[in-house]
1. What number, in percent, do you get for the relative contact order of segment 30-75 if the mean sequence gap of Cα pairs under 8 Å and at least 6 apart is divided by its residue count?
2. Just tell me which aspartates and glutamates come within less than 15 Å, Cα to Cα, of K23; anything on the same chain fewer than 8 places away is out.
3. Calculated from DSSP H runs of 4 or more alone, at -39500 (n - 2.57) each and per residue, what is the 222 nm mean residue ellipticity of the chain, nearest 500?
4. Mean-square fluctuation check for the chain, GNM, Cα pairs under 10 Å: which of S54, S14, S32 is largest?
5. As an exercise, identify the trypsin sites (Lys or Arg not before Pro) in the chain lying in DSSP coil whose Cβ has no more than 13 other Cβ atoms within 10 Å.
6. Under 5 Å between amide H atoms, partner at least 5 residues away or on a different chain: which partners does D42 have, H built in plane at 1.01 Å?
7. Using the alpha-carbon atoms, what tilt in degrees (0 to 90, nearest 10) does helix 18-29 show relative to the longest principal axis of the chain?
8. Using the crude model of +1 on Lys and Arg Cβ and -1 on Asp and Glu Cβ, and no other charge, please compute the dipole size for the chain relative to its Cα centre, in debye to 20.
Amino acid sequence: MAKTYKTIDVIGTSSKGFADAAKNAIEEAGKSIKAMGWFEVDTIGGRIDNGTVSEYQAKVRIGFRLLSPEELKNA
């Protein structure tokens, strides 16, 4: 049976760094998306408050497989 995949973009944030922001994005997406299989960091950025970096941001593209109706019943 052929498989079909989809991608979404999510933006994670962190006060620690870019890697942590990407990890947060993936972990949060994993709470509602099943069958995630890969990711790539698209862009990084952040917020500056009073001349200091206050937040790191990572835009992450996540790829996941679309599940069949039978797989959804068992998920």
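Bear in mind these aren't lab numbers, they're just calculated from the coordinates by the rules spelled out. What you are looking at is a predicted structure, and each value in this text was computed from that prediction instead of being measured. Using ideal geometry, Cβ is built from the backbone for each residue, glycine included, and neighbour counts are taken over all protein chains shown.
1. The value is 41 percent.
2. Within reach: D9, E40, D42, E55.
3. -7000 deg cm²/dmol
4. Between S54, S14, S32, it is S32 that shows the largest mean-square fluctuation.
5. Sparse-neighbourhood loop trypsin sites (Lys or Arg not before Pro): K3, K16, K31, K34.
6. K59, V60, R61
7. 40
8. 260
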